[in-house]
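Dropping a structure here in structure tokens format, bear with me for questions.
The values are calculated or read from the model by the stated rules, or taken from the named source; none is laboratory data. All of these numbers come straight from a predicted model, not from anything done at the bench. Every residue, glycine as well, gets a Cβ built from its backbone with ideal geometry; the counts of neighbours run over all protein chains shown.
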């Protein structure tokens, strides 16, 4: 598969993944019972698997790991843990809000790193002004 196709798949999966996470987290904040909807529990796993596989395939084609990619790889498990805690019904609502907010900030920073191809992402733009 060409790098361009993989990149398009990866970016599309990122958009879907973030949307699904924010949607589920927001639904929790409003007390909506999304967990009773089977597809709401299954689709994120399918999408995130495609996201991961497209990312790995792109890495294999890149021939090396750039610093900005390393930053994304370091932040990914932090995002996953925070997002998991924020969606856990066994956690205190205040912890869900804090971890969910942190997860959203981290994933948005990861997007800025990917868009700019810069390990400091959007912060590089801020220091220029």
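Would you tally the residues in region 45-72 being without any contact (Cβ under 8 Å) to a residue 12 or more places away in the chain and over 22 Å from residue 5 (Cβ atoms)?
1
Take region 91-116 and flag every residue that is in a loop (DSSP other than H, G, I, E, B) and either at pLDDT below 95 or surrounded by 14 or more Cβ atoms within 10 Å (Cβ to Cβ) (or both).
Hit for region 91-116 is 91, nothing else.
Same structure again: If I filter region 38-61 for residues that are over 17 Å from the mean Cα position of the chain (by Cα) and closer than 23 Å to residue 82 by Cβ, do I get at least one hit?
Within region 38-61 (the criterion being over 17 Å from the mean Cα position of the chain (by Cα) and closer than 23 Å to residue 82 by Cβ), the answer is no, since none of the residues qualifies.
Same structure again: Does residue 83 fit the bill of being under 17 Å from residue 19 (Cβ atoms), touching a helix residue (DSSP H, G or I) at 6+ places or on another chain (Cβ under 6 Å) and not assigned by TED's automatic domain parsing to the domain that holds residue 19? It would help to see each step written out before you state the result.
On the way: under 17 Å from residue 19 (Cβ atoms): yes; touching a helix residue (DSSP H, G or I) at 6+ places or on another chain (Cβ under 6 Å): yes; not assigned by TED's automatic domain parsing to the domain that holds residue 19: yes.
Criteria met by residue 83.
Which residue out of 93, 119 is over 17 Å from residue 21 (Cβ atoms) and touching a helix residue (DSSP H, G or I) at 6+ places or on another chain (Cβ under 7 Å)?
119
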